[in-house]
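The values are calculated or read from the model by the stated rules, or taken from the named source; none is laboratory data. Bear in mind the structure is a predicted one, so any value in this text is a computation, not a measurement. Every residue, glycine among them, receives a Cβ derived from its backbone with ideal geometry; neighbour counts consider all protein chains shown. With ligands, DNA and RNA removed, areas are computed over all heavy atoms of the protein, side chains included. Shrake-Rupley method; radii C 1.70, N 1.55, O 1.52, S 1.80 Å.
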Amino acid sequence: MSDEGMAVDEQLSEEEQQMAKLKEAIVVKTEDVGSLQVKLTITVPKETVDERMGEQFKELKRDAAIPGFRKGHAPMKLVEKRFGSDVGDQLKSQLLSSAYLAAAEKEDIKALGDPLIWTKVKSEKDGDDSHAEKLLPFDEALDHFSLPQGQELTFSCEVELKPQFELPELDKIPVEKMKLAVSDDDVESTIKNMCMSRGSFSPIEKGGAEADDMLYVSAKFTSGDTVLLDEENYDIAARDIVVKGIRLVGLKEVVIGKKVGDTGSLEATIPDDHTELDLRGKKAKFDFTVQEIKRLVPAVIDDTFLASIAVESEKELREAIKSNLEARLGEQSAQRMQEQIAEYLVDNTEMDVPAGLSQRQSERSVARRTVEMLQAGMPPSEVEKAADDMRAAAQDQTIRDLKLFFLLEKIAEDRNVEVGEEEINGAIGMMAQQANMRFDRMRDELSKNNRLMTLYVQLRDKQVLTQLLENAEITETEGPKKTAAKKTSKKAASKKTVKKAEAKAPAKKAAPKKVAKKKTSK
């Protein structure tokens, strides 16, 4: 090695030197398996495996306390015998992750998310010793993976690739600014959301299930001889939902009208991006028996309700809501203009996205939308309903959402846009106040399904869009107008719903206008 090469090596950390050495040693075979999806077959030579194993045992020999020997003086064979399984488990995790990262760098792979590992999984049937290859997330794959003894290590994984694209012109983006005003309908929508946020699910005593009821069922989900789900107390909603990564299209129609003790079933097709390769494209059957039905009962606007929010009358409540909404008009106007910029970015960028969108990427789009709805004050029960609707929505909207994600991510990287912990906590506090929840409970709610990361991305993207808006070419226009007849009709219907809030839950149009508009666009 030249003096220059030695100087460069000396500047690298020990970890970087190991990665560089591994990158040089491994053999990588790439295979395109779909649009922007690649399969990597990675081979780690036996010498590298043995060397890494030896390093692990040397460290153990130096530090391990073995009875009968001074620290660091136990025979290596005894150390290997005593700690062999532990070292093997630790080494396979390190080698798999390091080898994948080295392979991705060696082949210049710009990965989208984490890889899925091809893994041989033993059959769960009693007496069946057969194995089937499945694509599993890294942590799950480790449970089924064994480190070869005295041999090279070879494994395969699949990964989706980040699309490559050129950004459109970002200066002077044309944007229309509408003149906005708070309407009676806006006030009614906010009141409905408040009633629903303070409502609760209660068991129904008679009658059948209605749309968006919660049902507790004994459920069995199978595909041929494969059991996907078998639970005695499983909760489902009376709408189309996703179970075990499979969309149950038509479940709403099957469930509505069912009573306690009734049974039902529905067939579904397992998607082509399902993690269990041998089940892709096959039929699955969801069987259930209803054990209990619960319905959301919104809170009633009475003295207790008014006292809980520190107002004395419904009139004062309406005035306070209108004043608050008027204070937020500027933010709403900016949001509508930012939506126009987002549309501009997507419509003016040529970009391919993975044809077989994986479930985790689709969930990222759903998570982003749910955070936006929580920020707008939409009740958590309505947010979950909307999330189920979005999962069953057309794929073209998911593709547009993913394109926008990549675009804003690239712009954020180019402009070094970051979000601090203080800003994140401020956003969580506002959401908690909107939903009438404690800060810690809201943070726990966001921790589910990786929504905290989604919130970070949402705040980062908002900063990007705000920057673009500052340099946009803005034209003022009149806001949308409503006819007096329609307005009066909506107001009367809304008032009737509020006065009879103890009846059934309001429909989806109870969401704030800007959220409803987004949802409809899906």
- Cα to Cα, under 13 Å, and not fewer than 8 places away if on the same chain: which aspartates and glutamates meet these conditions relative to Lys259? Glu205, Glu210, Asp213, Glu292
- At a Cα cut-off below 17 Å, give the aspartates and glutamates reachable from Lys282, other chains included and same-chain residues fewer than 8 away excluded. Glu133, Asp225, Glu267, Asp272, Asp273
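So between Glu24 and Leu306, what do we pick up on full extension, going 0.36 nm a residue minus the alpha carbon distance? Provide the component values of the computation, followed by the final result.
Working: separation 282, 0.36 × 282 = 101.52 nm, distance 6.98 nm.
This chain segment gains 94.5 nm when fully extended.
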- Note on the structure: For Pro115, the net charge from surrounding residues (Cβ-Cβ under 10 Å; K, R +1; D, E -1) works out to -2
- Query: Summing Lys, Arg as +1 and Asp, Glu as -1, what charge do residues with Cβ under 12 Å from the Cβ of Lys220 carry, Lys220 excluded?
  - Reply: -2
- Query: Can you run phi through the Karplus equation (6.51, -1.76, 1.60; θ = phi - 60°) for the range 405-413 and list ³J(HN,Hα) in whole Hz, with x for Gly and Pro?
  - Reply: 4, 5, 4, 5, 4, 5, 5, 4, 5
- Mean accessible area per residue over the range 237-296 (1.4 angstrom probe, all protein chains present, square angstrom) is 47
- Around Asp444, with a cut-off of 12 angstrom between Cβ atoms, what is the net charge of the other residues, counting Lys and Arg +1 and Asp and Glu -1? +3
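Given a cut-off of 32 Å, name the pairs among Lys122/Lys258; Lys258/Lys403; Lys46/Lys120; Lys285/Lys448; Lys21/Lys403 whose C-alpha atoms lie farther apart than that in the structure shown. Please report the intermediate quantities before stating the final value.
On the way: Lys122/Lys258 39 Å; Lys258/Lys403 41 Å; Lys46/Lys120 21 Å; Lys285/Lys448 28 Å; Lys21/Lys403 36 Å.
Long pairs (Cα-Cα over 32 Å): Lys122/Lys258; Lys258/Lys403; Lys21/Lys403.
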- Efficiency of FRET between Ser93 and Thr289 - r from beta-carbon atoms, R0 45 angstrom, step 0.05: 0.60
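For Asp389, Asp461, what's the largest-to-smallest order of accessible area, 1.4 Å probe?
Asp389, Asp461
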- Query: For labels at Glu133 and Asp347 in the simple 7 Å Cα→Cβ model, what's the distance in nm?
  - Reply: 4.6
- Query: Arranged from highest to lowest average of other beta-carbon atoms within 10 Å per residue, in what order do the peptides 416-426, 110-120 appear?
  - Reply: 110-120, 416-426
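Order the following by accessible area, largest value first: His131, His144, His274. Probe radius 1.4 Å; ligands, DNA and RNA are ignored. Each step should come with its number before you reach the end.
On the way: His131 115, His144 85, His274 15 Å².
Sorted by accessible area, descending: His131, His144, His274.
Specify whether the C-alpha gyration tensor of the range 151-210 places it in the rounded, prolate or oblate class, a ≥ b ≥ c being the square roots of the eigenvalues: rounded for a/c under 1.5, otherwise prolate if a/b is larger than b/c and oblate if not.
Details: a/c = 4.78, a/b = 1.28, b/c = 3.73.
Here the range 151-210 falls in the oblate category.
Subtract the Cα-Cα distance of Ser333 and Ala320 from 0.36 nm times their separation in residues, and report this length gain in nm to one decimal. All intermediate terms of the calculation are to be shown ahead of the outcome.
On the way: separation 13, 0.36 × 13 = 4.68 nm, distance 2.03 nm.
In short, 2.6 nm is gained.
For the pairs Lys192/Lys252; Lys29/Lys244; Lys179/Lys410, flag any whose C-alpha to C-alpha distance is greater than 29 Å. Could you put the intermediate results ahead of the total?
On the way: Lys192/Lys252 24 Å; Lys29/Lys244 32 Å; Lys179/Lys410 32 Å.
Where the Cα-Cα span goes over 29 Å, the pairs concerned are Lys29/Lys244; Lys179/Lys410.
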- Message: With the alpha-carbon atoms as the only input, what is the per residue convex hull volume for the range 406-470 in Å³?
- Response: 92
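Please arrange Val217, Val311 by accessible surface area, largest first, computed with a 1.4 Å probe and ligands excluded. Mind showing how you got there, number by number?
On the way: Val217 0, Val311 25 Å².
Sorted descending by solvent-accessible area, the residues read Val311, Val217.
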- Task: Based solely on C-alpha atoms, express the radius of gyration and the Dmax of the range 93-238 in angstrom.
- Result: 26.3, 76
